[in-house]
Amino acid sequence: MSDLLGGKLDNSEIKKEIGKSSFSTGYKPSSQLINDTLEQLWFHDFYNSFISDEVYLSYLLSYLNQIKPRKFDRYEFYKYFFDQIEKKLSARKILQQIALTFEKLQSDAIPPEEYNSLLQQVNAPTDTFSASWMDTCHLGKVKKRDEKKLFIWEHHTLTEFLVAEYLLEGEDVLGEFQKLAILKQEGITAFKPSWSGVLRFLIESKKGLEVSAWLISFLEKHPDDLDDNLAELLVYELANQTSKIKKRVFNLVYNSYFEKVTWIPVRARVRLSKFVDKQSYKRLKTDIKVWANKTETFVRRGNVVSIIEGILKDKNKIVDATEKKFWLTKLVEFANNPNDDGNGVLQRHSLGALAQFEDESIISKVSQKCFEETRDSLVRNEFIQFCIDTNPNSKEAIDYFVKDISSIYSRHGLYRITTQEAIEYLLSKIAEDTSFLREFLDKESVFDKDGSDRRLLKNIKKRINTKVIQLLKKIIFTVLRITDYYHEGQSSLLRQIIQLINEHDPRYLFEILTDIKSEKDEQKIDRLFWDSRDLLALLLTKDNVKEYFDFLKDFPDRTKRDTQFVVYSAKRLNGEIGEATYQEAVKLKLVEKVDERSSKKYFEKQERQRKQKVYTNFLHQLEPEPGKFQTGVFEYFIQNKEEIQKQWKKKDKQKLLKLAVKVCLQKINPRQFRVTLANKGEGNNQFTWSTPASYYGDLLNAVKELAPEEIKKHRQNIIDFIPYEFDTSATLDFIEQVNDTDLAWVNQVMSDQNDHRRYLIPQTYIYLVGEYAKRRCKLDTVKPILKSFITDPDIRDYTRRSALENLAHFIDSSDKVTKKFLKDIFTKSSDQELVEIANGLLITVYEDEKAINWRFEKLKKPLEFNREDVEGQAHSVGAVEEELMRMSSAKPLMDLRDEKYLPKFLDLLDYSFKFTEKKDNKKYWEYVNYLWRTVTEFVDKLKEKGSFIPLMELENWVEEHSQYENINWFEARIKEIKRNYLNLVHPFDKLVDGVEELNKIGVPAASIAYFLFKAQLVESRLRDLILGINYFLEKANNKLPIYRKLNHENKKRLKNSTLSQLCDELNCYQSQLVEKLKNKLSQFSTERNKFNHELYNQNKDIRDLSEEAKKYTKFAEESLDLIHSVWEEILTIR
């Protein structure tokens, strides 16, 4: 089981399980089928393969046994899986409906109560599909995620398959799939990335050709929708299609990344080679030329090289001997001179392709630039991998494995060394290399397993001879003399080497002892002997144990005292041989016999005494003398409660309970506690307080353990303890909610600057009121106290800042008094951190223009930081690096939720590209990325508004600034944001989706309700359209000498307009499509008003109204289609 996979099986373990399975039908899967199975289930599920769970693996084994496939079919396997669980058609359809709901929500989890409601909606039988039934069938279960109790599907592919199956059972697979997976909004037609899992199952089904053809056509029409996920899916699933389809796929994928100037994703780039024909190969050779700028050149070359790697790997005849020679020259050139400003990807891709030549002479041609001179760890790792793939037995490769042993790549390179000459060369290379041996042995605990270090030892054993034995001895002697390495005896590798040597040289024990004795310093002899005692123990036998003791007679007295420990270690470490050695030594009276039973009894006795002492101490603290107790008893009880509760008698428990509740809790009043500080400005550095205050918190925890019902009776006292509380978790655990009345006395204390209790631990008060505000407690009286903390010079700086940060929970934009308070801090305070916090609140709460402008200007102060200077080094994080990582200064701006600020963020982008053009731009790249993240985070958060306009505006900016050399990296980030926009399910989207179900019911009232909603949807979409027209027309004019500014008041007016008013507003615009929409809306508005009149006057039979509703619904849908068409026309304004 792999720790990395959370206790699940990794691929090697799965492969082993399949290989060793005995199939009752006599079926024997080929290694190719096993590999294909693993790859298909691993693809797009890295580290989360469906069969990494042993339950699902058992289903796979059953599938293989019964179906006996020649080729693995993922779709058929999932169908088989569900057939074993529920084959009944009606029940399967319910399961599909449940899965469809989750896929529409784009989530694998919902609260249990929502899941139960869902079962009612789909009319699920009471005895099946419940959470417990799903758990029994290993489909899903109720468990905690992020502290929330949820019903969660066991694997995302379960719902994806069920929805694919549901669609395939319908009459119009592609039509229904497009309704689910294609978004049409504000002129955008886009594929929702979250549906790619369902899409994959559809491609793998019997209708895969039809689905694939649709997907290719859709992406050719909407190439911007081709993201990394779809690119990988296309080249993974369609490699065995016709040459015509393969050509279209190649052009689609290759051209997309060519135009975007971004890297083809890892799972697509090498496989894309399978789609190359003579024409596309000719283009690949052309595309490695020098392009308009440096970035275009190295990115396009890198993509070509990765495809060439695949061609070379497949030994495609399109590359003959002449072509191979051409590519060898080019690849070496690209590896050595990528001209990429340190990007490194072209170098890595070139090394990957060069490895396909398997020519060790290439190693020396690229080693200087790709290893010796580079500081890029990824390039160095790729170079080591290139050495492994080229020839791990070559001396050049071994030299680099040894030199770079701290890299996991180099360690794995050692495992690939197999020839006699190479093994001997390696051992001679490392025999006296203490830095290598120390590094190798330090990481041994991670790699001491089959396939890793044990594989290296296995390879050495296969090549064992006299020379190898001598070299292994040399290694042992070197390790023993590494002065700062103390784990020789614990090393599994060294133990095995010792035993391997001993098999071929039974006198090796005495050779080591002779070597140790050769030291002149007695202290060094003693250290060497002690450090090697566990290794020596493995060499002891019953036949040489007497000689061992005789040999040591000439050793220093200090060393001789430790002689017997080696025998005891032999008994502990070396199995039967060690036991026989020990028995012989006892027989010869060389060591004393150890009574294991008595030593075990002694240990058990010590443990009993320790536990008894815990309980005795507790009783003493509970009542050291009649009528008294030690105040630490409650803390002691909490710390040792498990041991105490095992031993105590009923009377002891009652005594503690009485002490805690009747003697203490019922009589102690926190309001009477007194506190005296030595210096108010130093807080709790030095203070005295009432004794009960010191143990009151422990007392509460003890009562909670003993009699939790008592806690509720003392609610006010617990709240009143806040001024003295150092552990805030107690109050939050005991008190769910508070109000101003509850806090009245505490607020009085915390307001009084003459009361030392205010200054004891004000941080507790600040933290707790903030936490209760998050729990939606209304606390109006807290605000003046927090303000008083902020201006009090006797409150510590960090506490004042915390008070200002928490003030945010208690103010809103209507609080003008606090706004002035914040402005005073912002403009007058000498504490720069307070200024920053106040400015942030002015932005996030009040959207204060001056504060916003100040923050934007602050972000324009360049931050210099070159990550290469600290890469791979332990270092303390400075203020600049911390800001670049945490983005604290940028956060208030990123949290603005209004697109009217977008121009300011676009101005930041303009500013950022000034630094990409600088010659010394490396030291500014982190800062540039910081500004880009500021902009993209802002736009990303605007997705919650439900409009694509901010995203389209960002895309428009990129188009207008395409001359910037590094714009491609920013464009790639925009693709990620678009994916987030497309994947977000708004509450309104859920409503629209839910209403669609009305259309399927067939009841007159449902048809009427469906039309009324559709009519409202037309109104909503029309409002968005008019806002969009205004926005893009105004943006289009802003390049003129005089232009009209964006009118945000107009937006508010339109928000409350009726359908008729919106139709009047549409009359302000002119185009053929707009005219067509006006006519349709005029007809629709008239019929809608007429229908509403008839409906509410109740003059018609409901069945007649239902038929009219169906007719008018078509008008609504036609109007919505026209609105989308006008949106598409608007987008051309960009």
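The values are calculated or read from the model by the stated rules, or taken from the named source; none is laboratory data. Not measured: the values here are computed from a predicted model. Here Cβ is always computed from backbone atoms with ideal geometry, including for glycine, and neighbour counts include all displayed protein chains.
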Residues (in a loop (DSSP other than H, G, I, E, B) and touching a residue at least 24 places away in the same chain (Cβ under 8 Å)) located in the range 87-106 | 106
Residue pairs meeting the criteria (Cβ under 9 Å; at least 6 apart or on separate chains; first closer than 10 Å to residue 280 by Cβ, in the range 246-260; second in a helix (DSSP H, G or I) and polar (S, T, N, Q)) = 247/279; 247/280; 250/280; 251/280; 254/280; 254/303
Within the range 132-148, is even one residue part of a helix (DSSP H, G or I), among the small types (Gly, Ala, Ser) and either over 23 Å from residue 83 (Cα atoms) or more than 30 Å from the chain's Cα centre (by Cα) (or both)?
-> no
Among (1) assigned to a helix (DSSP H, G or I); (2) closer than 18 Å to residue 345 by Cα; (3) not assigned by TED's automatic domain parsing to the domain that holds residue 337, the one test that residue 216 misses = (2)
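May I ask you to verify whether residue 164 is of a type in the set (A, V, I, L, M, F, W, C) and part of a helix (DSSP H, G or I)?
Numbers: of a type in the set (A, V, I, L, M, F, W, C): yes; part of a helix (DSSP H, G or I): yes.
In short, yes.
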Residue 1131 vs (1) of a type outside the set (Phe, Trp, Tyr); (2) more than 20 Å from residue 185 (Cβ to Cβ); (3) touching a strand residue (DSSP E or B) at 6+ places or on another chain (Cβ under 9 Å): all pass except (2)
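Table: residues versus (1) within 26 Å of residue 1051 (Cβ to Cβ); (2) over 30 Å from the mean Cα position of the chain (by Cα).
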{"residue": "839", "(1), (2)": "no, yes"}
{"residue": "844", "(1), (2)": "yes, no"}
{"residue": "847", "(1), (2)": "yes, yes"}
{"residue": "859", "(1), (2)": "no, no"}
{"residue": "883", "(1), (2)": "no, no"}
{"residue": "890", "(1), (2)": "no, no"}
{"residue": "895", "(1), (2)": "yes, no"}
Any helices (runs of 4 or more DSSP H) falling wholly within the range 874-920 and containing at least 3 residues that are farther than 23 Å from residue 805 by Cβ | 902-916
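Considering every residue within the range 1053-1069, establish whether at least one is charged (D, E, K, R), part of a helix (DSSP H, G or I), surrounded by fewer than 16 Cβ atoms within 10 Å (Cβ to Cβ) and at pLDDT 85 or above.
If we filter the range 1053-1069 for residues that are charged (D, E, K, R), which is where we start, we get 1053, 1055, 1064-1065.
If we keep only those that are part of a helix (DSSP H, G or I) as well, we get 1053, 1055, 1064-1065.
Those left that are additionally surrounded by fewer than 16 Cβ atoms within 10 Å (Cβ to Cβ): 1053, 1055, 1064.
Still in the list and also at pLDDT 85 or above: 1064.
Yes, that holds for at least one residue.
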Can residue 195 be described as more than 31 Å from the chain's Cα centre (by Cα), in a helix (DSSP H, G or I) and in contact (Cβ under 8 Å) with a residue 40 or more places away in the chain?
-> no
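Could you name every one of the helices (runs of 4 or more DSSP H) located completely within the range 259-367 that has at least 2 residues being closer than 25 Å to residue 43 by Cβ, within 35 Å of the chain's Cα centre (by Cα) and not assigned by TED's automatic domain parsing to the domain that holds residue 963? Steps first, answer last, please.
Details: elements: 266-269, 278-286, 294-313, 321-336, 345-354, 361-367.
Result: 266-269, 294-313, 345-354.
Would you mind finding the one in 730, 702, 693 that is in the same structural domain as residue 641 (by TED's automatic domain parsing), in a helix (DSSP H, G or I) and touching a strand residue (DSSP E or B) at 6+ places or on another chain (Cβ under 9 Å)?
693
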Only one residue in 68, 16, 20 is touching a residue at least 40 places away in the same chain (Cβ under 8 Å), surrounded by fewer than 16 Cβ atoms within 10 Å (Cβ to Cβ) and of a type in the set (D, E, K, R). Which one?
-> 68
The residue from 651, 605, 655 that alone is in the same structural domain as residue 703 (by TED's automatic domain parsing) and surrounded by fewer than 14 Cβ atoms within 10 Å (Cβ to Cβ) is 651
Cβ-Cβ under 6 Å pairs, at least 6 apart or on other chains, the range 764-785 side within 23 Å of residue 697 (Cα to Cα), far side among the hydroxyl-bearing types (Ser, Thr, Tyr) and at pLDDT 95 or above = 766/802
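How about the range 501-536: which of its residues are of a type outside the set (D, E, K, R), surrounded by fewer than 18 Cβ atoms within 10 Å (Cβ to Cβ) and not in a loop (DSSP other than H, G, I, E, B)?
502, 504, 510, 514, 523, 530
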For the range 115-130, state whether one or more residues are closer than 21 Å to residue 40 by Cβ and surrounded by 15 or more Cβ atoms within 10 Å (Cβ to Cβ).
-> no
If you scan the range 705-727, which residues turn out to be touching a residue at least 40 places away in the same chain (Cβ under 8 Å) and part of a helix (DSSP H, G or I)?
-> 705, 706, 710, 714, 717, 720, 722, 723, 724
Name every residue in the range 225-245 that is in contact (Cβ under 8 Å) with a residue 40 or more places away in the chain and hydrophobic (A, V, I, L, M, F, W, C), in order of residue number.
-> 233, 235
